[in-house]
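What follows is a single structure, written as structure tokens, with notes after it.
Each value in this text was obtained by applying a stated rule to the coordinates, not by laboratory testing. Just so you know, these numbers come straight off a predicted model, no measurement behind them. Positions of Cβ are backbone-derived with ideal geometry, glycine not excepted, and every protein chain shown enters the neighbour counts.
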Amino acid sequence: MKIGVVTFPGSNCNMDIVHALRNDLKYDVVELWHKDSDLQGSDAVVLPGGFSYGDYLRSGAIARFSPIMEAVIKYANDGGKVLGICNGFQILCEAGLLPGTLMHNETRKFICKNVTILPVSRSASISADLDDQAALVIPIAHGEGNYYLPELELAELEANDQVIFRYCDENGKINNASNPNGSSNNIAGVCNVDKNVFGMMPHPERACSNDLGNTDGVGILRGLESLIEA
């Protein structure tokens, strides 16, 4: 299985995800550049975290118009599997591949810490095989992670089983105290209606190694394989 990882000017988590996929999970990884127009036969594409194009205008707003995104959008619309992490999630929302938007954290402060999230969707392949009663410890690092959708669209998102992760406490309970950024319904990640495009603010690639003292992200990234098989 070949996974393409896109690097934009300002990406700073691209090598984190390359290392996790290549060294920890033993996948074949191809590195893609923002000026490329060829996904080089990737079976799945990952948009990593960082500050693409300096996050000018809005996070992900400029990256959405890069040449590689023309290929990613066509690939996704044709059923290709795409995962956006943190800034990658923001880019996918800006591109219209995922619903909603990521606003400034309610505190107006950058947040960098471990949080706990709960797998939610039972029909989305990236989360379906994860225990929906077991909270996962996954790091976050963002200033604009406050997920927002208008009320009616949010209800539709929930009804369609498009929420893949929610912020929770260490016991798996969903509450305001466990919501780090003010996201609607404690949402930490969502997918599109067709369930082939996924975005999440937490960084599973930073929780894939015993050397880091945390392997809770392995199951999430293994979900890429389930995406391809789905």
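All Cα-Cα distances of region 2-229, cut into 10 Å bins from zero to the largest, leave 9, 38, 40, 13, 0 percent in each bin in turn.
Cut-off 12 Å, label point 7 angstrom out along Cα-to-Cβ of GLU70: give me the residues of region 36-62 whose amide nitrogen falls inside. Backbone N within reach: 36-38. Taking amide H atoms as placed 1.01 Å from N in the peptide plane, the amide H of TYR147 lies under 5 Å from those of MET103, SER183, SER184, each 5 or more residues away in sequence or on another chain. The listed peptides 17-29, 167-179, 44-56, 88-100, ordered by packing as a protection proxy, come out as 88-100, 44-56, 17-29, 167-179 (highest mean of other Cβ atoms within 10 Å first). Relative to the current alpha-carbon distance between CYS112 and LEU152, full extension at 0.36 nm per residue lengthens the span by 11.3 nm.
Of the beta bridges in region 1-81, as assigned by DSSP with both residues counted there, near 10 percent are antiparallel. Put a plus charge on the Cβ of each Lys and Arg, a minus charge on the Cβ of each Asp and Glu, and nothing anywhere else: the dipole of the chain about its Cα centre is then about 420 debye.
Simple point charges give the picture: +1 on the Cβ of Lys and Arg, -1 on the Cβ of Asp and Glu, and for region 1-84 a dipole about the Cα centre of about 120 debye.
In the chain, a dipole from Cβ-located charges (positive for Lys and Arg, negative for Asp and Glu) runs towards its positive end, and of ASN23, ILE164, LEU154 it is ASN23 whose Cα lies farthest in that direction. Report the antiparallel proportion of the DSSP beta bridges in the chain as a percent, rounded to a multiple of 5. Around 55 percent antiparallel, to the nearest 5.
On a per residue basis, the convex hull of the C-alpha atoms belonging to region 72-123 measures out at 116 Å³.
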